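The structure under discussion appears below in the form of structure tokens.
The values are calculated or read from the model by the stated rules, or taken from the named source; none is laboratory data. This structure is a prediction, so every number in the text was calculated from the model and none was measured. Glycine gets a Cβ as well: all are built from the backbone with ideal geometry, and neighbour counts include every protein chain shown.
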């Protein structure tokens with residue numbers, strides 16, 4: 001029994017006892033002729049009882065995040081009669097006890113808020129929360145639970161937020177959220193400490209993600225930030241108007257924003273910089289084909305069909321050439337000077353020395369075939385082991401979210417940190433016929449009966465977005481979060497492998513299993529092998545010959561097109577995709593374009609291929625200065641050509657056929673993912689990783705430390721924005737484009753529609 005319940009009961013018993021004394025209850029002379037009237041006891045006020053649930057992320061898990069359940073002690077609770085998100089003195093707030101319980105008078109029931117201060121205690125670890133969060137329960141929920149215990153939690157807050165966002169009602173959104181989480185409606189709003197098993201795990205995972213959002217909403221409300229975020233304002237960034245060192249033609253938006261309200265803050269936290277929250281994103285990585293190679297190609301009809309059926313970014317630029325700098329940039333919004341495909345330990349010395357102990361070389365048990373080498377040569381001394389820099393993988397883990405990389409055609413038993421090796425014991429037959437792409441007739445491309453042993457390098461570490469980051473490879477969840485991807489030509493015989501000891505119960509396609517169970521991450525990078533990603537690879541045949549569709553040319557485009565189609569259909573056939581209350585997206589993209597020279601990229605790149613670029617570091621006083629610790633940094637971020645970027649979502653009411661022609665890059669995509677999963681705060685530039693913070697405003701304010709931007713002829717083109725379609729291209733503004741031999745026609749004026757590519761309705 002809570003303290004408040006005990007006090008209420010004690011008061012009632014005292015009143016009854018007093019009445020009995022006055023009335024002569026329980027004994028005395030029954031023949032007494034006293035005519036003294038029996039006083040009527042004062043009625044005891046009916047009380048509404050409830051709890052405020054907490055969750056606690058425990059860091060260090062090597063598998064799924066560990067999240068504990070508890071209560072908030074010392075939270076202020078009241079009926080929020082004016083719906084302003086504040087427990088005003090006139091609303092007679094109460095405080096939760098050591099078990100998170102509170103009691104409010106039944107009279108005047110309505111919506112409740114729980115104001116959890118930074119000094120309130122989370123009973124899951126008996127420590128102060130350290131942050132401020134406002135949770136709430138709707139009047140409808142309070143009425144429904146009034147005869148039992150009202151549970152205030154991130155779940156109760158989310159239901160009411162959804163009601164307001166969708167103009168629906170409590171019962172509808174309670175059912176919708178229960179479907180999203182995968183629990184019953186009764187479990188959804190139960191005291192989470194009383195729920196057990198998989199239901200509690202699912203509730204705590206969602207509660208943790210929602211806690212992050214509502215704490216962020218409270219921060220925005222407390223700070224009275226202007227609404228909406230500057231880079232979500234329709235037309236363009238209003239903070240640029242009148243600012244020096246920006247392109248005047250693209251800085252014309254008036255700032256009419258006002259301080260954010262409580263209800264606006266609740267919605268804004270789920271739509272950071274105009275990017276809506278998603279539950280899972282699948283990023284299918286393809287190789288080495290620019291926009292003009294794929295767009296409209298008769299050899300890639302399926303990718304082109306997805307471009308038309310979904311949404312697309314038509315001015316999306318790669319970061320560099322060859323592959324590795326692009327993958328590194330996709331993992332953390334910078335390539336740190338890398339401009340080659342050398343192994344992740346190359347030139348890693350001093351403060352950047354490799355910390356993987358032991359190294360995954362052939363001296364380790366079970367890795368006799370490991371191709372890892374501790375030495376390598378390259379033309380410039382560029383460190384390939386990035387130490388201590390922020391990245392998407394660590395950022396997700398720190399929030400209690402999950403990531404996955406799914407890689408195809410790995411040797412069973414090999415280490416993820418090493419490339420695949422040739423194995424003659426694993427064979428496949430050649431693909432003899434290519435599906436008809438011109439005229440609908442299949443074309444013979446291979447040799448009947450040709451046997452293909454598994455070649456070396458089908459799986460390449462250079463195609464892993466987290467590989468260059470030491471703090472990703474050293475993370476507790478590294479092995480758990482790296483998984484296999486099926487669909488390869490050699491899948492059927494992979495378990496015959498002889499180069500490594502095949503692990504017991506080895507799963508060739510963990511991706512397929514995870515899709516069915518729902519055990520995917522929030523961000524999932526999907527890396528086909530070098531035959532299926534359009535990269536090309538030499539595959540010797542037996543008795544002679546070469547794999548018919550793993551080399552360059554149209555055959556490998558068709559092969560990759562078919563593989564992408566199979567992947568998309570596999571995701572779309574999963575229970576995860578079918579759960580429309582979960583927001584799921586598929587991204588189809590290429591690592592690089594086909595540019596050769598000139599102004600080949602945009603959006604955070606090293607402008608004009610300068611030799612003076614230096615990363616920045618934030619000082620203790622909040623200012624920025626140059627970080628000279630990255631050797632040969634200026635050799636990176638050179639930019640490359642335009643490439644395909646398509647977005648498909650499972651949201652039936654989402655806009656389709658949208659084309660956003662504003663220029664974006666890998667850095668823009670990283671910023672977008674940070675917004676999508678609330679890994680950063682637009683009010684704090686330092687919260688955005690590496691070059692994803694290089695907005696026009698940031699560049700202008702730090703121009704003295706960013707000399708590569710001093711000569712920029714178009715700061716809009718050269719800076720980073722979230723991919724939200726908020727910027728409206730002025731009628732008089734001609735966008736810069738790639739100047740290679742495959743130049744696309746520059747766009748003049750705005751897009752036909754300004755709908756967001758990621759929009760869900």
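Quick check on residue 283: is it crowded, with 23+ Cβ neighbours inside 10 Å, within 23 Å of the chain's Cα centre (by Cα) and within 30 Å of residue 206 (Cβ to Cβ)? Talk me through it step by step, then tell me what you get.
Working: crowded, with 23+ Cβ neighbours inside 10 Å: no; within 23 Å of the chain's Cα centre (by Cα): yes; within 30 Å of residue 206 (Cβ to Cβ): yes.
No; evaluated as a whole, the condition is false for this residue.
I need a count of the residues in region 431-460 that are within 30 Å of residue 392 (Cα to Cα) and surrounded by 21 or more Cβ atoms within 10 Å (Cβ to Cβ). So that I can check it myself, show each step before the final result.
In the first step, residues of region 431-460 are kept if they are within 30 Å of residue 392 (Cα to Cα); the result is 456-460.
From what's left, surrounded by 21 or more Cβ atoms within 10 Å (Cβ to Cβ): 458-460.
Residues that pass the stated criteria total 3.
Pick from 278, 327: which is closer than 23 Å to residue 724 by Cβ, buried (at least 20 other Cβ atoms within 10 Å of the Cβ) and under 20 Å from the mean Cα position of the chain (by Cα)? Quick ask: steps written out before the conclusion?
Working: 327 fails: closer than 23 Å to residue 724 by Cβ.
Going through 278, 327 in turn, just one is closer than 23 Å to residue 724 by Cβ, buried (at least 20 other Cβ atoms within 10 Å of the Cβ) and under 20 Å from the mean Cα position of the chain (by Cα): 278.
Among the candidates 120, 124, 128, which residue alone is within 12 Å of residue 52 (Cα to Cα), in contact with a strand residue (DSSP E or B) (Cβ under 8 Å, 6 or more places away or on another chain) and not assigned by TED's automatic domain parsing to the domain that holds residue 276? Let's see the steps before the verdict.
Working: 124 fails: within 12 Å of residue 52 (Cα to Cα); 128 fails: within 12 Å of residue 52 (Cα to Cα).
Criteria check complete, one pass: 120.
Filter region 43-71 down to the residues that are free of Cβ contacts under 8 Å to residues at least 60 places away in the same chain and not in a loop (DSSP other than H, G, I, E, B) and list them by number.
Within region 43-71, the subset free of Cβ contacts under 8 Å to residues at least 60 places away in the same chain is 43-44, 47, 58, 66.
Correct list: 47, 58, 66.
Based on this model, can you work out whether residue 347 counts as under 27 Å from residue 679 (Cα atoms) and either in contact (Cβ under 8 Å) with a residue 12 or more places away in the chain or not in a loop (DSSP other than H, G, I, E, B) (or both)? Walk me through how you get there before you give the answer.
Details: under 27 Å from residue 679 (Cα atoms): no; either in contact (Cβ under 8 Å) with a residue 12 or more places away in the chain or not in a loop (DSSP other than H, G, I, E, B) (or both): yes.
No.
Would you confirm whether any residue within region 88-105 is in a strand (DSSP E or B), under 15 Å from residue 192 (Cβ atoms), in contact with a helix residue (DSSP H, G or I) (Cβ under 7 Å, 6 or more places away or on another chain) and assigned by TED's automatic domain parsing to the domain that holds residue 155? Reasoning before the result, please.
Residues of region 88-105 in a strand (DSSP E or B): 94-95, 101-105.
Narrowing further to those that are under 15 Å from residue 192 (Cβ atoms): 101.
From the residues that got through so far, the ones that are in contact with a helix residue (DSSP H, G or I) (Cβ under 7 Å, 6 or more places away or on another chain) too are 101.
Filter once more, so that each one left must be assigned by TED's automatic domain parsing to the domain that holds residue 155: 101.
Yes, region 88-105 contains a residue that is in a strand (DSSP E or B), under 15 Å from residue 192 (Cβ atoms), in contact with a helix residue (DSSP H, G or I) (Cβ under 7 Å, 6 or more places away or on another chain) and assigned by TED's automatic domain parsing to the domain that holds residue 155.
Return a yes/no flag: does region 544-560 have any residue that is modelled with pLDDT of 90 or more, assigned by TED's automatic domain parsing to the domain that holds residue 428 and part of a loop (DSSP other than H, G, I, E, B).
To start, the set of residues in region 544-560 that are modelled with pLDDT of 90 or more comprises 549-550, 554-560.
Pick out the ones that are also assigned by TED's automatic domain parsing to the domain that holds residue 428 and you get 549-550, 554-560.
Now drop any that are not part of a loop (DSSP other than H, G, I, E, B), which leaves 549-550.
Yes, the conditions are met somewhere in region 544-560.
Please state which one of 626, 674 is surrounded by fewer than 19 Cβ atoms within 10 Å (Cβ to Cβ) and at pLDDT 95 or above. Full working, then the answer.
Numbers: 674 fails: surrounded by fewer than 19 Cβ atoms within 10 Å (Cβ to Cβ).
Answer to the selection: 626.
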